1. Could you please find all residues in the stretch 92-137 being closer than 15 Å to Val20 by Cα and acidic (Asp, Glu)?
2. Before we move on, is Ala33 in contact (Cβ under 8 Å) with a residue 24 or more places away in the chain and over 22 Å from Leu297 (Cβ atoms)?
3. Run Val170 past the list (1) buried (at least 24 other Cβ atoms within 10 Å of the Cβ); (2) at pLDDT below 95; (3) hydrophobic (A, V, I, L, M, F, W, C) and report the number of the one that doesn't hold.
4. Condition check: among the β-branched types (Val, Ile, Thr), in a loop (DSSP other than H, G, I, E, B) and either assigned by TED's automatic domain parsing to the domain that holds Asp312 or surrounded by fewer than 21 Cβ atoms within 10 Å (Cβ to Cβ) (or both). Does Thr207 satisfy that?
5. Quick one: is Lys221 within 30 Å of Gly117 (Cα to Cα) and either at pLDDT 95 or above or assigned to a helix (DSSP H, G or I) (or both)?
6. Please go through the stretch 47-61 and pick out each residue that is farther than 13 Å from Leu21 by Cβ and hydrophobic (A, V, I, L, M, F, W, C).
7. Please verify whether Asp23 is of a type in the set (D, E, K, R) and outside any helix (DSSP H, G or I), treating the condition exactly as stated.
Amino acid sequence: MANLIEDIKKKAQKLKKHIVLPDAADERAIQAARIITDEKIAEISLVGSEEAIRSKAQQIGADLKGVHIADPEKSDKYNDFTQIYYNLRKEKGIQLEQAKAAMKQSLFFGAMMVREGIADGSVAGSLSTTGDVLRAGIQVVGMPPGNSVVSSFFLMVLPDKVYLYADCGVVPDPTAEQLADITISTADNYKKITGDTPLTALLSFSTKGSASHPLVDKVQKATALAKQKRPDLIIDGELQGDSAIVPSVCAKKAPGSPIAGKANVLIFPNLDAGNIAYKLTQRLAGADAYGPIIQGLKKPCYDLSRGCSVSDIVSMAAINVVAGAF
């Protein structure tokens, strides 16, 4: 399992996809573009001012051979993208001049490249805030029918197992309906990324009615909704953490559970629980944590921490390719 990211990179190499990096004035993005291109993980477009990108590349001694530069203000797609964006947002009150201004921004132009199929995914956040990355993804790429929420997951890599944790980065207090959609999105992403069957547990401080509380009711309702929407998935809840991941405990507390204490996808009832859990797993268990990885859009537009490394950008681009290829 420790080699999961290398395996993902190898899968990405075979898929031959095109990823945009909208925070292209950042030297980390330029260095990552060089590595991604050299390792043939994906075709890369750096989105932004061509002069600024080339100047920064020269400063750091980075060769841009084989790396595309998409300069919104020089692009022959600028007018078309502006009109598409205006049509998408005019009912929300946007004016044409505002649409023109938005399409000059690399995040929005990159998202439009993804929407229109020129690129397959986007990775940003080394310079941009999470709010701006999400705004561009939601407004331009949009959510698929039937999904009520954009959320996130963390890929948690331990020596002997890989988990997906959700939501640990976006939705503070999801409704039961949102929690069900987070469950489905995360289970699907587990399958795409690892190739293995997702065993998905919705977590609570209660196992199968051992406690009575509105917070428990929410998880029970979300479990029922997720099962109803996707009967093909293996989902169970509400389960306490030990019931979800320890077979002997599950056998006592939730006999007959289809998860059988072997969950690999953990769905937390709120952002408090999810964020605390991933950080504790990372620090106490020594897990490698990749994320928050945005999910719930029609096509993958991923966010990064502004403290990310070049290696983080490379890994996230590879995950973007693999998760978006289905």
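1. Result: Glu116, Asp120.
2. Numbers: in contact (Cβ under 8 Å) with a residue 24 or more places away in the chain: yes; over 22 Å from Leu297 (Cβ atoms): yes.
So Ala33 fits the description; yes.
3. Against the list (1) buried (at least 24 other Cβ atoms within 10 Å of the Cβ); (2) at pLDDT below 95; (3) hydrophobic (A, V, I, L, M, F, W, C), Val170 comes up short only on (1).
4. Details: among the β-branched types (Val, Ile, Thr): yes; in a loop (DSSP other than H, G, I, E, B): yes; either assigned by TED's automatic domain parsing to the domain that holds Asp312 or surrounded by fewer than 21 Cβ atoms within 10 Å (Cβ to Cβ) (or both): no.
So Thr207 does not fit the description; no.
5. Here the answer is no, as Lys221 does not meet what is asked.
6. Selection gives Ala52, Ile60.
7. Numbers: of a type in the set (D, E, K, R): yes; outside any helix (DSSP H, G or I): yes.
When the stated conditions are applied, Asp23 passes them.
The values are calculated or read from the model by the stated rules, or taken from the named source; none is laboratory data. The structure displayed is predicted, hence computed values, not measured ones. We place every Cβ from the backbone using ideal geometry, glycine too, and count neighbours over all the protein chains shown.
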